[in-house]
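Working notes, beginning with the structure itself.
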Amino acid sequence: MARRRKRKSRRRQEGRKILESIPQFSIDCGEDKPVTAARKFIHDQGVLPPALLLVKRNEHTTDRYFWAEKGLFGAQYVEENHFLFPSLRQPEEDEAVLV
């Protein structure tokens, strides 16, 4: 039996492209929970938003977090709702000006 392809959301694909353009940091969570390790790293290194943090939980799993002015968010949520984050807005130079 043929497998069906998973439908890819255009909005999420657009958000993923935007997240690829911001600084990324890869860290290991160690003994802490992944979100705690991300918060400690942000505090210790003085990371300025916007930034993407890739936290390695174990050899198979990596959690992704987005550091914004509003706080720390899951990267998947940000991909789907990138328009809610002012720091991710791209300059719209091609806007048509009505006179």
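The values are calculated or read from the model by the stated rules, or taken from the named source; none is laboratory data. Just so it is clear, the model here is predicted, and its values are computed rather than measured. Cβ sites come from the backbone with ideal geometry, for glycine too, and all protein chains shown count toward neighbours.
General remarks:
- Residue under evaluation L53, criteria (1) at pLDDT 95 or above; (2) assigned to a loop (DSSP other than H, G, I, E, B), criterion not met: (2)
- Selected residue (only one of F25, F41, F66, F73 is touching a residue at least 40 places away in the same chain (Cβ under 8 Å) and surrounded by 14 or more Cβ atoms within 10 Å (Cβ to Cβ)): F66
- Breaking point among (1) surrounded by 11 or more Cβ atoms within 10 Å (Cβ to Cβ); (2) at pLDDT 90 or above; (3) hydroxyl-bearing (S, T, Y), for T61: (1)
- Condition met for G46 (without any contact (Cβ under 8 Å) to a residue 40 or more places away in the chain and touching a Phe, Trp or Tyr at 6+ places or on another chain (Cβ under 8 Å)): no
- Residue selected from the stretch 35-50 under the condition assigned to a loop (DSSP other than H, G, I, E, B) and farther than 15 Å from R16 by Cβ, by the criterion nearest to the chain's Cα centre (by Cα): P49
- Taking the stretch 56-83 as the range and being under 11 Å from the mean Cα position of the chain (by Cα) and outside any helix (DSSP H, G or I) as the test, the residues that pass are D63, R64, Y65, F66, W67, A68, L72, F73, G74, N81.
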